[in-house]
Amino acid sequence: MAKVRSVHRCTECGSASPQWVGRCPGCGEWGTLVEEVEAAEVGPAPAWAGWGSGVAARPARPSTDGAEAEVAPVPTGVDELDRVLSGGLVPGSVTLLGGAPGTGKSTLVLQAAAGLARGGATVLYACAEESPSQVRDRARRLGALHDRLWLVGESLVPRILASVDEVRPDVLIVDSAQSVADPDLSSTPGSVAQVREVAQRLVREAKARTLATVLIGHVTKEGALAGPRVLEHVVDTVLELDGDRHHALRLLRAVKHRFGSTAELGLFQLGEVGLEGVPDPSGLFLADRLPGVPGSTVVPTIEGHRPLLVEVQALVAPSSLAEPRRSSTGLDRGRVSMLLAVLTKRSELDMGKVDVYALAAGGVRVTEPAADLGLALAITSAATGRAVPAPLVACGEIGLGGEVRSVTSLERRLSEAARLGFTRAVVPASAPEPPAGITAVRVRSLAEAIAAVGLLG
Ligand code: TYD
Ligand code: MG
């Protein structure tokens with residue numbers, strides 16, 4: 001017998017509250033509580049009755065006593081994806097792939113499905129959002145059709161599982177988690193509770209059947225997995241596909257990964273035939289650069305373990321506004337404001353009466369403090385109209401006193417710069433010896449850097 005009750009559940013952390021409150025008692029977020037109708041089971045004692053009774057169902061073992069071998073990941077054949085997954089998809093694991101609509105989640109998963117099928121796995125793709133014929137058309141264009149890649153147009157969990165029983169796949173793909181429902185569940189279809197319960201059910205099935213499962217999840221503009229942030233807790237791996245919809249570049253990161261590192265970055269270009277790996281991202285980012293134009297610097301950044309050379313650009317123009325315009329694309333807005341204040345206070349420039357536009361070229365996002373020095377030099381160069389000498393990169397964090405601070409992995413950053421033909425690097429005074437081919441220009445402060453590069457005076 002089921003009794004219906006209403007709860008208010010947080011879309012961020014999933015904690016429940018009997019009445020609506022403005023701020024979630026669980027995670028402290030504001031305005032995240034939504035009403036949900038839940039059926040409370042009244043009847044047999046819950047499965048957890050008897051916990052703590054002193055009888056251990058699974059005896060503890062010394063950590064060294066483990067006979068089970070580790071399960072090896074199965075490569076998907078999509079190299080950049082395998083890199084992020086530390087080798088491939090682990091049998092029986094559950095992976096959530098999040099991303100904004102149109103970033104290419106379905107495309108990526110289809111390419112991986114085809115790769116797994118070619119490798120001998122049977123893959124079942126449950127199309128809950130698009131029709132199987134749409135997915136088949138896309139697969140045809142991608143060259144992803146395969147006998148072992150099965151499609152089913154179902155959005156109800158029991159029917160998807162019935163298909164699983166029939167096809168007996170090694171891998172199940174659910175596109176998307178938000179568009180499947182389960183009539184066996186008491187929660188309302190489409191609600192946060194339903195998405196979470198569906199995910200939990202699929203996770204149980206995945207473990208029980210050793211069925212590798214990939215769930216696609218939509219992400220809202222704010223970057224949260226729409227509603228079910230809570231999904232992140234129940235799955236083994238969370239991947240995020242990220243990219244500016246006006247650019248072809250796509251970045252794939254592991255936000256959580258129980259089977260390996262989360263530090264790897266996958267880089268793709270969305271083209272005519274799906275997502276293609278980018279073997280030389282720095283070369284790609286710098287291909288369209290116009291050396292000798294004021295307002296540009298090249299910054300060696302690190303994403304995961306990968307060094308990436310990115311062009312940072314600035315444009316400075318006299319402002320007629322009481323509050324001058326500050327625009328930043330792909331850069332941290334607060335960081336840009338901070339650097340403008342430091343420039344005004346610690347150099348001869350006055351940035352108080354000018355509009356400033358700053359961007360990271362190519363649709364990348366550069367938010368690490370190591371880009372401060374390069375960005376500050378780009379702004380200075382834009383303000384003075386003198387170009388930063390071409391074969392030069394800059395790397396350093398800037399403090400409020402205008403001091404240039406050390407950054408991590410400097411050697412890796414500079415080796416990448418050397419590989420692409422750069423010969424000079426403005427670096428913090430404490431920097432270690434640069435790699436062969438690079439001359440270090442050591443600076444203690446932003447003012448010293450500006451002078452060393454010849455942007456003033
Ligand atoms: P899609 O994989 O459907 O994105 P998502 O599942 O994340 O919503 O693809 C998104 C966009 O990619 C779509 O606008 C069309 C484009 N696209 C290409 O540019 N090339 C291709 O080969 C494919 C299949 C899609
Ligand atoms: Mg899709």
How many residues, within region 81-126, are within 12 Å of ligand 2 (Cβ to nearest atom), open to solvent by 10 Å² or more (accessible area, probe 1.4 Å) and either aromatic (Phe, Trp, Tyr) or more than 17 Å from residue 138 (Cα to Cα) (or both)? 1
Applying the selection to region 92-124, what residues are modelled with pLDDT under 95 and away from ligand 1 (no atom under 16 Å from the Cβ)? 92
Pair list, Cβ < 6 Å and 6+ apart or interchain, from region 247-271 residues that are over 13 Å from residue 281 (Cβ atoms) and within 16 Å of ligand 2 (Cβ to nearest atom) to residues that are open to solvent by less than 40 Å² (accessible area, probe 1.4 Å) and modelled with pLDDT of 90 or more: 270/104; 270/250
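Out of 400, 414, 375, 455, which single residue is over 20 Å from residue 358 (Cα atoms), outside any strand (DSSP E or B) and either outside the structural domain of residue 341 (by TED's automatic domain parsing) or of a type in the set (A, V, I, L, M, F, W, C) (or both)?
Numbers: 400 fails: over 20 Å from residue 358 (Cα atoms); 375 fails: over 20 Å from residue 358 (Cα atoms); 455 fails: over 20 Å from residue 358 (Cα atoms).
Selected residue: 414, the only one of 400, 414, 375, 455 that is over 20 Å from residue 358 (Cα atoms), outside any strand (DSSP E or B) and either outside the structural domain of residue 341 (by TED's automatic domain parsing) or of a type in the set (A, V, I, L, M, F, W, C) (or both).
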Condition first: modelled with pLDDT of 85 or more, over 26 Å from residue 115 (Cα atoms) and either more than 23 Å from the chain's Cα centre (by Cα) or within 16 Å of ligand 1 (Cβ to nearest atom) (or both). Can you find one or more residues in region 245-255 that meet it? no
For residue 162, work out the one condition from (1) touching a residue at least 12 places away in the same chain (Cβ under 8 Å); (2) among the hydrophobic types (A, V, I, L, M, F, W, C); (3) surrounded by fewer than 22 Cβ atoms within 10 Å (Cβ to Cβ); (4) more than 12 Å from ligand 1 (Cβ to nearest atom) it doesn't fulfil. (1)
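The values are calculated or read from the model by the stated rules, or taken from the named source; none is laboratory data. All values reported here derive from a predicted model rather than from experimental measurement. Reconstructed Cβ throughout: ideal geometry from the backbone, glycine too, with neighbour counts over all protein chains shown. These accessible areas exclude ligands, DNA and RNA; they are computed on the full protein's heavy atoms, side chains included. Shrake-Rupley method; radii C 1.70, N 1.55, O 1.52, S 1.80 Å.
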